[in-house]
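For reference, the structure is listed below as structure tokens.
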Amino acid sequence: MSQQTTQHRKYEARPPIASVGVIGWIRQNLFNSPLNSVLTIIIMAGLVQLLPPVTKWAFIDSVWFTSADVCKDTSGACWSVISQNLRFILFGFYPYDEHWRPITSVLILFGLFWLSYYRQFWSKKLLYGWLVGLVVMGVLMKGGIFGLVPVETTQWSGISLTLLLSLFGLTAAYPLGVMLALGRRSTLPAVKTLCVIYIELIRGVPLISLLFMSSVMFPLFLPEGVTIDKILRAQVAIILFTAAYIAEVVRGGLQAIPKGQYEAAEALGLEYGLKMRLIILPQALKVVIPPTVSILISAFKDTSLVIIIGLFDIMKTTKTTLANPEWMGFSTEAYIFIAILYFLGCFSMSNFSRNLEKTLKT
Amino acid sequence: MTEQTANTFDASSSEPIIEIIDMHKWYGDFHVLSDINLSVERGERIVICGPSGSGKSTLIRCINRLEQHQRGKIIVDNIELSNDLKNIEKIRAEVGMVFQHFNLFPHLTILENLTLGPIWVRKEPKKEAEETAMYYLNKVQIAEQAKKYPGQLSGGQQQRVAIARSLCMKPKVMLFDEPTSALDPEMVKEVLDVMIDLAQEGMTMLVVSHEMGFARSVAHRVLFMDSGQIVEQNTPEEFFHNPQNERTQKFLSQILH
Amino acid sequence: MTEQTANTFDASSSEPIIEIIDMHKWYGDFHVLSDINLSVERGERIVICGPSGSGKSTLIRCINRLEQHQRGKIIVDNIELSNDLKNIEKIRAEVGMVFQHFNLFPHLTILENLTLGPIWVRKEPKKEAEETAMYYLNKVQIAEQAKKYPGQLSGGQQQRVAIARSLCMKPKVMLFDEPTSALDPEMVKEVLDVMIDLAQEGMTMLVVSHEMGFARSVAHRVLFMDSGQIVEQNTPEEFFHNPQNERTQKFLSQILH
Amino acid sequence: MTQHQTTASPGKHPAAIPFWRDPDKLGIIYQALALCLVSLFGYYIFSNTQANLARQAIATGFGFLDNEAGFEIGEKLVQYSAADSYARALAVGVLNTLKVSLLGIVLTIALGIIVGIARLSTNWLVSRLAAIYIEVLQNIPVLLQLFFWYAIFHDTLPMPRMSWNPLPGIFFNNRGFYYPIPESHPVHPWMLGALVAAMVFGYFLKRWAKERQDRTGQIFPVGLSITGLILGLPLLTWLFGGTPTALNVPELSGFNFRGGLNFSPEFCALLLGLVLYTSAFVAEIVRSGIQAISKGQTEAAMSLGLRPNRILTLVILPQALRVIIPPLTSQMLNLTKNSSLAVAIGYPDFVSVANTTINQTGQAIEGVALIMVVYLFISLVTSAFMNWYNKKKALVER
Amino acid sequence: GETLDAVKARGFVQVGINGSLFGFGMPDDKGVWHGLDVDTARAVSAAVFGDPDKIKYIPLTAQTRFTALQSKEVDVLCRNATRTLSRDTELGLNFVTVNYYDGQGFLIPTKLGVKSAKELDGASVCVLPGTTTEQNVADYFRANNMKMKPVVIEENTELNQAFFSGRCDVLTSDASQLAGIRAVAPNPADYEILPQIISKEPLAPAVRHGDDQWRDIVDYSVLAMIAAEDMGITSANVDEMLKSTDPNVQRFLGVTPGNGKALGLDEKFAYNIVKMVGNYGEVFERNVGVNTKLQIKRGLNAQWKDGGLMYAPPFK
Ligand SMILES: Nc1ncnc2c1ncn2[C@@H]1O[C@H](COP(=O)(O)OP(=O)(O)OP(=O)(O)O)[C@@H](O)[C@H]1O
Ligand SMILES: Nc1ncnc2c1ncn2[C@@H]1O[C@H](COP(=O)(O)OP(=O)(O)OP(=O)(O)O)[C@@H](O)[C@H]1O
Ligand SMILES: [Mg+2]
Ligand SMILES: [Mg+2]
């Protein structure tokens, strides 16, 4: 009978032609109902209208490495505004001859990200790698030892500042956020109330009000004569802000740990600190890696707001370039360029977190 | 208890309610069902079994058009299944289906689950629909749970509600897709009892199931499927004691301990 | 196999390791445990049974202070359980507990699960802790799984690891809360065997369990609880064949088929 | 029920537990410590601030609110001029924030639902486009998007004199979007009355239809007829009220259009930017909400013979909403908070006005405090409302 | 004084600067700062350290500039700030000698045919916030009984773009900026600056109350540039001028000592300023003058003898 089956299969194996292959795909994915057919046609028409002029502007008629004067005469995009000012846009007024330092730092960062992308590299070593990497990057940027020219943090600008604010913001906010989350789940009412007030207060106000606070109010909070660097103040605002969001994420992770784990730890005689450190947090923090990555993404995007208090992140350096009379008027190109930078950063991170979610689930 | 249901069926006495002729179905390039021919009489009870992936679910899902077949014909109660929405609706109103995972609507009470179809599809007045619903709930012996939500019931109870929900549409045919396989052993009996009750009332039933006891006691015919084909069909006695096909023999040897 | 464990215990021969005197516990307004008096001798093995919600779990959870009692005294190995953190720590180090759902730490390997307590609570050197751990793993017959993670083991294996984890703390008393009720029937035996082994070595054990076979063969005493009270306690023979209390009789009639 | 151990333990056990070993006492100590630290910190900041303010002779208090503001605001929902007080200027700012937030929320939800459903479309092109929409808009900072849209608005739209005039009386130019409003006429209040009447009537119609369906089983097309009523009744009133057709049409006079109403480019850019950005997130929420409903639900509903639109309204949506509402709430709050970026593209929202106020009065503390309080208030009210709604939904469903 | 000691101990001057104002304070594409305000700051550095580049520039927004000075985040503010009474008193600042005389005016497209600011009734006006301009223009319209629609945009770049694209009918700002903005317009001839100057905007560096020595140092650093131009000393001829016999020049350049000691600086401070930064005329022409993109004429900022307001007291 099994023979018979295979024979039978052979002579009846092909499905109707319209349901497989390219035609089948098109029918099933583009024209599977009257509404869908109409939508497909409308979208196609729209794309045909839109794509050629955009391509013409962005590629065919565009100029890439010219002076500003040439740009004024072209009908296409003036990418020269980027190419001629690239180093300023990326590194701001970091000393011109020292640009290799931020470049190296960024490469180290990419390397670390790349390693973290693959789960087989995940280990304690990678964690230490990150810590060492961050320190190396800091030393490289700051200088002052190993014969490196010292560079004030006020001179860190452009992409260095963006990365500094978002990465360091997250790193520093993380322990604070974990503490807040533990506090919020504490049985001590006063501690819990304080944490709840903090978290809800911070989450209820816009980041720029905190940035304003850091720039106009913060100096008034300090005793006379003590000043804190402007970047550091903004960094503090970002840390305080991010911590509140991390706290909520971590709280979710803590809630996902079954009560049995707490009890088993207690039954072994582990006291609170050890119980949290050895049993609960390692599990909870693993659960919340994907939402933490989304917070990193938001932090990365949100650093663009420091422009409002006059810090030279990559957005501000771009705008400063555009404030130069020579290059005024090419804002579209410049905005597209940094939009692409941000997009690449955020998209790869969100892809990473989506992959992670999948692998963590299984 | 099952003594009354004679396991014989006089096929000549009535016209077929379901007729499947030369039916084929593909998923993309994969030939799930090939060359299916099946005719089900009114009041007939058929149990379908076969190894996993052999196309049992797909076959009964084709009957109420949860899946679309690509070649051949399916005729239910003299209506041919085609792309015509009106026919599909008519057939769906006449064919009840009970799923492995119950698929009750969690946001509605048991009673609302039961009256949803009658009110919105059969356009019955609410009161009447509720009376019917209570009648069937009584029948599956959970009338007292009418105001609860599905999440508050046990699996066996949920499956009984699902059966009652189908019955409220007064279907001519009931399809069951492994109705007891997601249940704890103690609950299987509750559900099988309800199904046997139904059988005794003469409902036409197509049941995908590996409950051989059930098949033996109520089925008029047992179908064995393999690789998308109906390989063997016979009365339960013949099927279990005297399987013709080699595949069937092997399958039965695994199931019957 | 269980013939060697004589089901008799000479209570006078040793001083009690656990003494519970006039203990009461409330959850809010709900009186979960009332008027509990119990004295457990060193080496004694007690099985606690009773209907669901009768407070069995709560009772043994009170003994290592997973729950706090509100009135009365619990004295373990001459230490009274009070709010004193030091005493609580001491007692927890002496009392091992095995849960229904194993509660192994999923992010640690089996070996790490076993050495966690010795290293961090008893402050043993790692090497020594690992040797002990391997010893107990051997004892529960899964030494070869030491490097795996809990998720990779079957339920029965997990429960055996959980027992080994408790043993690594070299406890004087072991508490078991329905250690086999979350297991598939085939795995129950594996775990019971390990527990019987333990019993033969003279470990003091309090076991919440409905495994009457286990109770009969190893327990010195069987306690029956109902509505938060110890209703009856007796030797297994007496308990099973000659229950005094009406509730006990009813309960036993349901359990013993 | 707070029984405590009353008896001291006998003999060898000391009666008093040292406080550092008693979890209850430790708890109290920790809390006291936390409170102390927080208040010390607060006091430290307060005293420093006091000293700094005194040293720099900066005025404190909210007295400045009554002073004359002395600056103009470009867009306002209530009367305001430079001669009014700071308080009024700030109120204008709050109203502007509310205006853009409320309108933004409504549009965001509508757009988000459309894109979210498009993401699930069986049409490959549609779902791909929706995916691109979501990815691109989610991953670019909203501030950059605002800059971009603002540039588009003032760069590509024509000057007022060369306005794009798609319909008579409607003008698009780089000063905004102008549209006519009817000249006031005695029939207008009546039309408003008719609208209210239509709504009241619609409500009763709905109840009647439900009652009739319960009774007879017949289904009445409620949605259609209520729409008809709401449109038709005012129209009828208008017809019988003498069909006044006089319109207050925007006209070019002097530098700008006069008459009619308009939305400024700043407002449009802000609204567009916020709506596009947030709707990408909402679309994801909607998509996952719908996907969270198992396929079995649809199949069960289908096998009952329900029509696709009824499956959606009776089975899928009520379940999906429960999943959707909590994250949706936080997106609505995000939109409101992000509206504070208006300051970057010249829409006079609350932060922008407060900013100018801080500059002119030098009272940064009061200004920033006001900003925080206002947003906090909006956040709290919104989440209170959404929680209430969520509870109501949950109650009805569960 | 305290500030000078702190600055010397630190090794550099902290200067608050406008980060993106072309001609006054903005980095070039190598990240190097240029502008009139920048050169003023460099003059201070040259005076204190004999090196014009011992400076930490801190870009400040309009809102944060005064706080930064008050909180000692910066030692001197060279950020085109208008001297006003309330700033001088309530905000606790001391403005020094004006380094640029400005006034608020209007820039308008020629094709509108407007010849006077009085014809602007109903106009949309682009304004930069955080400065006195917002209030000035409101006052002006109120005083003349006219209506206006302000469009208040935080960023110079955005503001200029909005104006050129016709979002506003008129742009109001300090005349210096108007010239610059006009200069970079797609077609400068299409725009003109209206004759009305509606405010006085003396832009001056500022220091904190309470440290007179530091105030004097900053003040005389600015004045030294002005005086040098007055005396005809330039960075090119300053070394020759050392040999000048004019006692005023000798005193000025520190050949005859005294000035430096009085200020607590090196005797050569003025020499250093002129040598390393230049005199006021040079600085002006280099950053904003007619040969730059901004093409601003000296006007009020000419020396007193040329009909301007630049006038330095005797250096003795
Ligand atoms: N949507 C689908 N797309 C592609 N292949 C499918 C799809 N659904 C089912 N199949 C395949 O079709 C075959 C038949 O599936 P079907 O569910 O009918 O089997 P079954 O006999 O019901 O098996 P089981 O006893 O496991 O339920 C299987 O091989 C399955 O993998
Ligand atoms: N945290 C709690 N809060 C309030 N009531 C509780 C709590 N934990 C348990 N209870 C109640 O206390 C009673 C005793 O619970 P316990 O878990 O000890 O019962 P049990 O005898 O172990 O039952 P089972 O056999 O079901 O495990 C039950 O009625 C239970 O509902
Ligand atoms: Mg199946
Ligand atoms: Mg229990």
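The values are calculated or read from the model by the stated rules, or taken from the named source; none is laboratory data. In this text the structure is predicted, and so the values were computed from the model without any measurement. All Cβ positions, glycine included, derive from the backbone under ideal geometry; neighbour counts span all protein chains shown. Side chains included, ligands, DNA and RNA excluded: accessible areas come from the protein's heavy atoms. Shrake-Rupley method; radii C 1.70, N 1.55, O 1.52, S 1.80 Å.
Quick notes
- Helices in chain E, meaning DSSP H runs of at least 4 residues, each add -39500 (n - 2.57). Divided by all residues, the mean residue ellipticity at 222 nm is -10000 deg cm²/dmol.
- Inter-part distance where the stretch D:322-337 and the stretch E:103-163 are each reduced to a Cα centre, Å: 40
- No Cys partner within the rule (Cβ under 4.7 Å), chain A: A:195, A:346
- Here the spin labels are modelled as points 7 Å beyond Cα on the Cα-Cβ line, and at residue C:35 and residue D:51 they lie 6.8 nm apart.
- Reference-scaled alpha-carbon Rg (2.2 N^0.38 Å with N residues) for the protein assembly as shown: 1.15
- Averaged per residue, the protein assembly as shown has 43 square angstrom of accessible surface, using a 1.4 angstrom probe with ligands and nucleic acids left out.
- The Cα center of the stretch A:112-187 and the Cα center of the stretch C:82-134 differ in position by 35 Å.
- Under 13 Å from residue E:72, Cα to Cα: aspartates and glutamates that are on another chain or at least 8 residues apart: A:224, A:229, E:2, E:211
- Placing a pseudo-label 7 Å from each Cα along the Cα-to-Cβ vector at residue D:239 and residue D:210 gives an inter-label distance of 3.2 nm.
- Note on the protein assembly as shown: antiparallel DSSP beta bridges, both residues inside, total approximately 60 percent of the bridges counted.
- Rotational relation C to B, axis-closest Cβ in chain C, residue and distance rounded to whole Å: C:185, 5
- Chains A and B together bury roughly 1100 Å² of accessible area, counting both sides, with a 1.4 Å probe on protein heavy atoms only.
- Most mobile listed residue (A:283, A:84, A:120) in chain A, GNM with C-alpha springs under 10 Å: A:120
- Note on residue B:52 and residue B:216: the model spin-label points, each 7 Å out from Cα along the C-beta direction, lie 2.5 nm apart.
- A point 7 Å from Cα along Cα→Cβ stands in for residue B:85, and the other copies hold the same point at 7.0 nm, listed in rising order.
- Label 7 Å beyond Cα on the Cβ vector: residue C:131 copy-to-copy distances, nm: 8.4
- FRET efficiency, 1/(1 + (r/R0)^6) with R0 35 Å, evaluated for residue B:134 and residue B:238 via beta carbons: 0.25
- Using C-alpha pairs under 8 Å with a sequence gap of at least 6, the mean separation divided by the residue count of chain A gives a relative contact order of 18 percent.
- Between the stretch B:208-253 and the stretch D:173-198, the alpha-carbon center distance in angstrom: 75
- Seen against the Cα atoms of chain B and their longest principal axis, helix B:246-255 is set at about 40 degrees.
- Derived from the Cα gyration tensor, the three semi-axes of the equivalent ellipsoid of chain D are 47, 39, 23 Å, largest first.
- Between helix B:85-94 and chain B there is an angle of about 80 degrees, using the helix long axis and the longest principal axis of the Cα atoms.
- Taken residue by residue and averaged, Cβ atoms of other chains lying within 10 Å of the Cβ of D:348-356 number 4.
- Sequence-distant contacts, meaning Cα pairs under 8 Å at least 6 residues apart, place the relative contact order of the stretch E:163-316 at 24 percent.
- Across the stretch A:65-75, coupling constants 3J(HN,Hα) worked out from phi with the 6.51/-1.76/1.60 Karplus curve, θ = phi - 60°, read 10, 10, 7, 5, 5, 4, 4, 4, 9, 9, 8 Hz, and Gly and Pro carry x.
- Calculated mean residue ellipticity at 222 nm for chain D: -22000 deg cm²/dmol, from DSSP H runs with n ≥ 4 weighted as -39500 (n - 2.57), summed, divided by the residue count and rounded to 500.
- Residue by residue along D:28-40, Cβ atoms of other protein chains within 10 Å of the local Cβ number 3 on average.
- Over chain C, relative contact order from alpha-carbon pairs under 8 Å, at least 6 apart, %: 27
- Hull shadow area, averaged, chain B [alpha-carbon convex hull, nm²]: 14.2
- Across the identical copies, how the residue B:245 labels are spaced - nm, sorted shortest first, 7 Å along Cα→Cβ: 6.1
- Among D:44, D:277, D:347, residue whose mean-square fluctuation peaks in a GNM of chain D (springs only between Cα atoms under 10 Å): D:44
- Gaussian network model of chain B, Cα within-10 Å springs - most flexible of B:101, B:241, B:24: B:241
- Calculated [θ] (222 nm, deg cm²/dmol) that DSSP helices of n ≥ 4 give over chain A, each run adding -39,500 (n - 2.57): -21000 deg cm²/dmol
- Helix C:126-139 and the longest principal axis of the Cα set of chain C meet at an angle near 60°.
- Those Cys residues of chain E for which no other cysteine Cβ falls under 4.7 Å: E:78
- Accessible carbon and sulfur surface of the stretch D:263-366 relative to its total accessible area, %, 1.4 Å: 63
- Using the Cβ of residue E:29 as centre and a radius below 10 Å, the other residues enclosed give a net charge of 0, where K and R count +1 and D and E count -1.
- Per-bin percent of Cα-Cα distances, the stretch A:94-151 [5 Å]: 4, 19, 26, 20, 13, 10, 6, 3
- In the stretch E:145-209, the trypsin sites (Lys or Arg not before Pro) that fall in loop regions by DSSP, at most 13 other Cβ within 10 Å: E:147
- For chain D, the membrane-span-like helices by this rule, meaning whole DSSP H stretches whose C-alpha atoms cover at least 15 Å of axis and whose Kyte-Doolittle mean is -0.5 or above, are D:23-55, D:86-119, D:124-138, D:142-156, D:187-216, D:222-240, D:265-292, D:317-338, D:350-361, D:364-397; this says nothing about an actual membrane.
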